[in-house]
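The values are calculated or read from the model by the stated rules, or taken from the named source; none is laboratory data. Quick caveat: nothing in here was measured; it's all calculated off a predicted structure. Cβ: placed from backbone, ideal geometry, glycine included. Neighbour counts: every protein chain shown. When the accessible area is computed, the model is the full protein with side chains, heavy atoms only, and any ligands, DNA or RNA have been set aside. Shrake-Rupley method; radii C 1.70, N 1.55, O 1.52, S 1.80 Å.
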Amino acid sequence: MNGRILVINTGSTSTKIGFYDSGEMLFEKNLTHSADEVARYKSVMDQTPMRRDAITDFLSEKGIALETIDIAMARGGLITPIRTGVYEVNQEMRDALMSGKDGVHACNLSALIADDIARDVNAVRAEKGIAGLCKAYIADPPMADEMLPEVKVGGIPEFTRRTLFHALNSRAMVRRYARSIGKSNKEVTVIVAHMGGGSSVSLHRNGLVIDTNDALGGDGPISPERAGSVPGFPLVEMCFSGEYTKDEIKKKLVGKGGAVAYFGTNDFREITARAEAGEEECATFLKGFCVSVAKYIGSLATVVGGKVDAIILTGGIAHSKPIVDDIIDRVGFIAPVEVYAGENELESLAENGYGILAGEFDIKYYHPDHF
């Protein structure tokens with residue numbers, strides 16, 4: 001695999017980057033941004049120049065000349081309508097991300113920064129007479145929507161189910177599983193449970209993600225920081241109690257839900273240690289988490305009549321053997337379970353980048369009116 005790839009993944013208070021040469025990671029770095037630094041900007045989107053400069057300064061420190069970068073791969077942002085796959089960053093995508101029309105999140109910055117750096121690379125190449133263009137791409141953005149029409153139906157017309165899941169890592173893990181059995185991702189039906197700060201469970205069939213949950217919108221399993229699906233009437237009562245603002249209610253569902261609401265921490269290692277030390281509440285919560293993930297896996301299996309080739313458990317929490325074993329005990333009757341622990345997002349982006357260089361992907365272009 002020839003080529004040098006810069007990978008960019010922006011989070012709320014950090015910018016993760018990786019640099020790959022001929023398929024090998026030369027280094028990765030988590031560039032942290034202090035609360036005071038972030039607070040200087042009126043909006044998340046205003047942070048673009050600051051974060052871009054942090055990346056280019058670090059590359060300079062590592063002795064990486066800009067003109068040697070062939071591709072800038074970025075984490076996808078919150079934009080719809082869009083399908084899974086690889087997209088070249090274009091002006092329409094930049095406009096959609098900047099507007100925040102589908103949501104404002106730090107992940108929106110990744111593609112903008114990657115495109116800015118690609119333009120800087122090309123300026124240097126032109127000045128030095130170096131052939132070839134560096135381009136910026138995203139892969140498998142979180143709001144990619146390939147859901148079947150029937151699974152989008154909500155209980156009332158106003159509540160159409162929507163998608164927001166860990167598309168990048170989930171799709172990469174399906175490709176990894178398919179390769180392990182000598183097939184492509186278009187030849188398998190797999191359920192992926194990504195268990196991290198948020199939990200998403202997605203159903204992959206014939207290369208498409210035909211059902212999943214809105215992991216950032218109050219739908220799906222419990223997670224360290226998110227409540228997942230909650231009963232409607234108690235939520236209505238809480239909303240109209242006068243005790244909480246709209247933003248406080250949203251924070252209860254996403255950010256201060258899940259383990260944070262019960263124990264004041266999102267660290268499952270701490271909760272597991274407390275459970276092993278005899279704290280019954282912690283042990284019961286962990287069982288409840290496993291049940292909620294298993295229930296969602298089971299429900300997605302029904303969408304395809306139980307015809308599932310494999311179930312994949314991934315994300316940071318998949319490092320926990322007790323949790324993994326509990327979930328396997330509950331869902332192993334559906335299909336064989338594979339465990340690919342970790343987030344794997346930088347690696348997944350790099351894999352997509354080398355696929356682009358090898359001509360393995362049909363490059364897509366975002367347009368707000370095309371789906």
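Things to note:
- Among (1) 1.31; (2) 0.97; (3) 0.99, the entry that matches Rg/Rh (Cα atoms, Kirkwood Rh) as calculated here: (2)
- Fraction of beta bridges assigned by DSSP in the chain that are antiparallel (%, nearest 5): 60 percent
- With protein chains left intact and a 1.4 Å probe, residues in the range 124-163 average 57 Å² of accessible area per residue.
- With each label modelled as a point 7 angstrom along the Cα→C-beta vector, the Ala123-Asp325 pair spans 5.7 nm.
- Placing unit charges on the Cβ atoms of the charged side chains and taking the dipole of the chain about its Cα centre, the candidate lying farthest along the positive direction among Leu97, Asn266, Val209 is Val209.
- Placing a pseudo-label 7 Å from each Cα along the Cα-to-Cβ vector at Met45 and Met25 gives an inter-label distance of 3.2 nm.
- Pairs beyond 31 Å (Cα-Cα), from Lys42/Lys128; Lys29/Lys135; Lys251/Lys364: Lys42/Lys128; Lys251/Lys364
- About its Cα centre, the dipole of the chain is roughly 440 debye, where the only charges are +1 on Lys and Arg Cβ and -1 on Asp and Glu Cβ.
- Calculated FRET value between Lys101 and Lys251, using beta carbons and R₀ = 22 Å, to 0.05: 0.50
- With the helix formula -39500 (n - 2.57) applied to DSSP H stretches of n ≥ 4, the chain reaches a computed 222 nm mean residue ellipticity of -12000 deg cm²/dmol.
- Averaged per residue, the range 271-357 has 43 square angstrom of accessible surface, using a 1.4 angstrom probe with ligands and nucleic acids left out.
- Across the protein chains, with a 1.4 Å probe defining accessible surface, the residues Glu276, Glu92, Glu146 rank Glu276, Glu92, Glu146 from largest area downward.
- Among the protein heavy atoms of the range 110-206, carbon and sulfur supply 53% of the accessible surface, probe 1.4 Å, non-protein parts ignored.
- Debye log10 I(q)/I(0) at q = 0.09, 0.19 Å⁻¹ for the range 238-371, Cα point scatterers: -0.45, -1.13
- Put Leu26, Leu253 in order of accessible area, highest first, and with a 1.4 Å probe you get Leu26, Leu253.
- Rounded accessible area of Ile334 (nearest 10 Å², 1.4 Å probe): 30 Å²
- Largest to smallest accessible area among Thr80, Thr48 [probe 1.4 Å]: Thr80, Thr48
- Across the range 29-143, the convex hull enclosing all Cα atoms gives 112 Å³ per residue.
- Surrounding net charge for Ala123, when Lys and Arg each add one and Asp and Glu each subtract one, Cβ distance under 15 Å: 0
- Bridging of Lys295 to aspartates and glutamates at a Cα separation below 16 Å is possible for Asp211, Asp214, Asp219, Asp325, Asp326, Asp329, once same-chain residues fewer than 8 apart are set aside.
- Placing a pseudo-label 7 Å from each Cα along the Cα-to-Cβ vector at Gln91 and Ile181 gives an inter-label distance of 4.6 nm.
- Reach of Lys62 by Cα under 19 Å, taken over aspartates and glutamates that are not fewer than 8 positions away in the same chain: Asp21, Glu24, Glu28, Asp53, Asp70, Asp120
- Unit Cα scatterers, Debye sum, the range 187-253: log10 I(q)/I(0) for q = 0.11 Å⁻¹: -0.35
- Virtual paramagnetic centre 7 Å along Cα→Cβ of Asp267, amide N under 18 Å, in the range 221-243: 224-226
- Computed extension gain for Glu237 through Glu276, at 0.36 nm per residue and net of the alpha carbon distance, reaches 10.4 nm.
- Across the range 85-241, the convex hull enclosing all Cα atoms gives 161 Å³ per residue.
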